[in-house]
């Protein structure tokens, strides 16, 4: 069993690399998609991704309960590909309808710590290979607004926690993978 974290920026090639790993595994692939079609443009992106996936892959769409879903689909004969953790994080952080102040203390929704911990525990308990895709958002300037700083902080914390639980970590830039942990790509 191997857990692999694939990190990269927007349009870095991280999802394509993760999909190549999944295809090359020779195993049944379960693709857990975390995106929500919040607007027309995102709905088109989701439709495009659905069309590009191999028809033999099982796709499970789960925007919030990632831990439970990961445990449900993880078996020794399968590879589970999760794309993507930062979309899932956005879903959690903005799951209720509160207004976010630009200054002051931001309170995460009640589901956030519960689902985050459930996911991290599930990642420890998986019974098969898992490939996780996440955005590396900490390599740019410090975001201007309180809400975007909060998101970037939580994404960085999540990526660190996931990387600590994974046997492999790979950074993808310009479509090129760079092994960070666990040997060559």
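A few notes on this one:
- Residue exposure sequence - 84, 185 - by fewest surrounding Cβ within 10 Å: 185, 84
- Helix 146-165 vs. the chain, principal-axis angle (Cα, 0 to 90°, nearest 10): 30
- Between helix 40-52 and the chain: long-axis angle, C-alpha atoms, 0 to 90°, nearest 10: 10
- Helix 14-24 axis versus longest C-alpha principal axis of the chain: approximately 20°, rounded to the nearest ten.
- Separation between Cα centres of region 122-183 and region 1-37, rounded to whole Å: 13
- Full extension of the chain segment joining residue 51 with residue 124 gains 23.1 nm, where the gain is 0.36 nm per residue of separation less the Cα-Cα distance.
- For the chain, the 222 nm mean residue ellipticity estimated from helices alone, with every DSSP H stretch of n ≥ 4 adding -39500 (n - 2.57) and the total spread over all residues, rounds to -13000 deg cm²/dmol.
- Restricting the calculation to alpha carbons of region 3-171 gives Rg and Dmax of 15.8, 50 angstrom.
- By other beta-carbon atoms within 10 Å, ranking 153, 39, 83 with the fewest at the front produces 39, 153, 83.
- Ascending count of other beta-carbon atoms within 10 Å, so fewest first, for 176, 132, 70: 176, 70, 132
We did not get these values from a lab; they are worked out from the coordinates using the rules stated. None of these values were measured; they are calculated from a predicted model. We place every Cβ from the backbone using ideal geometry, glycine too, and count neighbours over all the protein chains shown.
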